[in-house]
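The values are calculated or read from the model by the stated rules, or taken from the named source; none is laboratory data. Predicted model, so just to flag it, every value in this text is computed and none were measured. Glycine also receives a Cβ, built like all others from the backbone with ideal geometry; neighbour counts cover every protein chain displayed. Heavy atoms of the whole protein, side chains included, go into the accessibility calculation; ligands, DNA and RNA do not. Shrake-Rupley method; radii C 1.70, N 1.55, O 1.52, S 1.80 Å.
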Amino acid sequence: MFLEFLHFFLKKPMNNKKNIFSCMAGNIIEWYEFTIYGYLSTTLGILFFPQESSFAQALSSFSIFAVGFIARPFGGIVLGWIGDKFGRRLSLLISMYIIALATIGIAILPTYSYLGIKAAYLLILLRILQGFALGGEHSGSMVFLVEHAPLSHKGRYGSLAASSLAIGMIIGNCVVLILEKALTQTEILSWGWRIPFALGTVGIFWALLARRQLTETNEYKLVSKPYENKLIRINKKYMYIIACSIGINAFLAFEFYKVTIF
């Protein structure tokens, strides 16, 4: 199955290849940035909550990791609304700029030893921005890819959003693993923890350059009135399906992050 997918992706003629790769690049970087915090949670707990016990440090750091998830539905709603009303391209650009701001902020953020408890508050704010951006990025990129796909390949194109998610997490895992092998614990606590975020900043600028070349999807341009507020009516009509989808995804996310992060 993997070889079949790889053959399709590399050999199958695809329209708007630049749009597809630009969209995937942004999604990879955003998921990389969102997850390296999880991989560095123990280290960040020591740096931003040094006055607490080791258990409380880990709990506080993972709580800030969870804040990003709380922000994601709001990002999906707001950036999804922007995508419907003003275009998919604008929505994806906004999510990229927000994640860039949050990532640069974390990379240069002073720790508790410099700012005290204010450092933790700033970290929470930056995590909220990351979660907000990712909430609109994942669903937005999936819609963008599907709308750019030929009618017979919409499922496969949509799967590229999930594939780029996994690629971003794998890259983040590898970067942190190399960091822990190459540096001592003292070096990581001193300055090494900033390296993954700094590398992500470089990747973000590259992804932004690529994403600025995105063109709006034909399906969006063909709709004369692309936005109509039907959220309440849709929720009532499909409440059972929506509830099932939320429950299934919540269970999968819990198991996934328990294994990959915790």
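Do you know which of the residues in the range 169-217 that are polar (S, T, N, Q) and touching a Ser or Thr at 6+ places or on another chain (Cβ under 8 Å) is modelled with the lowest pLDDT?
Ranking the qualifying residues of the range 169-217, first place goes to Gln213.
Does Leu44 qualify as being modelled with pLDDT of 80 or more and either surrounded by fewer than 18 Cβ atoms within 10 Å (Cβ to Cβ) or not charged (D, E, K, R) (or both)?
Yes.
Quick test of your reading of the structure: Glu137 fulfils all but one of (1) open to solvent by 20 Å² or more (accessible area, probe 1.4 Å); (2) closer than 17 Å to Leu92 by Cα. Name the failing condition by number.
So Glu137 meets the others, but not (1).
For Ile98, work out the one condition from (1) open to solvent by 50 Å² or more (accessible area, probe 1.4 Å); (2) at pLDDT 90 or above it doesn't fulfil.
(1)
Please name all residue pairs, on different chains or six or more residues apart, with Cβ atoms under 7 Å, provided the first residue is in the range 134-161 and is farther than 17 Å from Tyr32 by Cβ and the second residue is among the aromatic types (Phe, Trp, Tyr).
Close Cβ pairs (under 7 Å, with a partner that is among the aromatic types (Phe, Trp, Tyr)) amount to Leu145/Tyr157; Val146/Tyr157; Glu147/Tyr220; His148/Tyr157; Ala149/Tyr157; Arg156/Phe8.
In the range 100-124, how many residues are assigned to a helix (DSSP H, G or I) and under 24 Å from the mean Cα position of the chain (by Cα)?
Matching residues across the range 100-124 total 14.
Could you list all residues from the range 181-218 that are free of Cβ contacts under 8 Å to residues at least 40 places away in the same chain and open to solvent by less than 50 Å² (accessible area, probe 1.4 Å)?
Leu183, Gly192
Being modelled with pLDDT under 85 and in a helix (DSSP H, G or I) narrows it down to one residue among Gly135, Gly155; which is it?
Answer to the check: Gly155.
List every residue pair whose Cβ atoms sit under 6 Å apart, with the two residues 6 or more apart in sequence or on different chains, where the first one lies in the range 68-95 and is crowded, with 18+ Cβ neighbours inside 10 Å and the second, anywhere, is among the aliphatic types (A, V, I, L, M) and not in a helix (DSSP H, G or I).
The qualifying pairs are Arg89/Leu214.
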